[in-house]
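For reference, the structure is listed below as structure tokens.
The values are calculated or read from the model by the stated rules, or taken from the named source; none is laboratory data. Worth saying up front: this structure is predicted, and the values here are computed from it rather than measured. Ideal geometry is used to build each Cβ from the backbone, glycine not excepted, and the neighbour counts take in all protein chains shown.
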Amino acid sequence: MHESVEDYLNAIYRLRAGEKIPLPLSQIQQFFAFSRGSVHEMITKLDDRGLVVYQPYHGVLLTASGEKIAQAVLRRHRLWERFLTDLLEVPWADAHKFAERLEHTVPEAVTERLAKLLHNPLSCSLGATGRDGEVCCQRLVTLDAGSSCQISQVEPESLEILQRLQELQLNPASQLQVVRHAEAGTTVLVKGTSIIIPADIATTIWVVVTNTSEGGTA
């Protein structure tokens, strides 16, 4: 499949972050910094191919086929990020840039070998449900105090956000325990060290819960 098609489907999926409501074309235009005309043209083509449903004056939704492709692209991206950050110790922001290239060019068979090499790291689709209907990928800011989790991804995944996470020494494999949420940010424990993640950054972090708290939200 053409790289631009995968990029559009992936962008729609990530910008919606699991919500089943139409995504305004203006958000796609802003994401890519493309003209409104070029975005409309591509969305029309994707609609014709059955990968999205375009609702004029409302926005666009992924079909089941489009979402499947987007999830596959995102999975490849996450695996390459984990390989680069975990095994090669590449800074997250740089790993993200390299993964954006590799996600389109590596055969599926290689992706599966990579997943096996990494011991199938914890990850899940945005807003996806796990066993018994439990959400397996959640925003960090929704977790109760005492919950333990592992960073899965950030949305939006801008270089600025990734660089700020690097400064906090956080990466896609970081294990966190939530201490409290406050207006200024979320306090977490990482290997016994207390870290305050600024509020504007904390809201972008999606995690896989590894255990839940016994108490309520702080």
(request) Evaluate the following for Val110: is it part of a strand (DSSP E or B) and either at pLDDT 90 or above or touching a Gly at 6+ places or on another chain (Cβ under 6 Å) (or both)? (result) no
(message) When the residues of the stretch 54-76 are narrowed to those that are touching a residue at least 12 places away in the same chain (Cβ under 8 Å) and assigned to a loop (DSSP other than H, G, I, E, B), which ends up nearest to Leu23 (Cα to Cα)?
(response) His58
(request) Just give me the residues in the stretch 167-215 being in a helix (DSSP H, G or I) and surrounded by 16 or more Cβ atoms within 10 Å (Cβ to Cβ), in sequence order. (result) Ile201, Ala202
(request) Filter the stretch 41-67 for residues that are surrounded by 14 or more Cβ atoms within 10 Å (Cβ to Cβ) and modelled with pLDDT under 95 and give the result. (result) Glu67
(request) Quick one: which residue in Leu25, Leu51 is within 22 Å of Arg75 (Cβ to Cβ) and touching a helix residue (DSSP H, G or I) at 6+ places or on another chain (Cβ under 9 Å)? (result) Leu51
(request) Test Val209 against the stated conditions and say whether it is in contact with a strand residue (DSSP E or B) (Cβ under 6 Å, 6 or more places away or on another chain) and at pLDDT below 95. (result) yes
(message) Criterion first (at pLDDT below 95, assigned by TED's automatic domain parsing to the domain that holds Phe32 and more than 28 Å from Thr193 (Cα to Cα)) does Val90 satisfy it?
(response) no
(message) Here is a list: Leu176, Leu170. Which entry is within 27 Å of Lys97 (Cα to Cα), in contact with a Phe, Trp or Tyr (Cβ under 9 Å, 6 or more places away or on another chain) and at pLDDT 90 or above?
(response) Leu170
(request) Select from the stretch 135-153 the residues that are modelled with pLDDT of 90 or more, assigned to a strand (DSSP E or B) and among the aliphatic types (A, V, I, L, M) and list them in ascending order. (result) Ile151
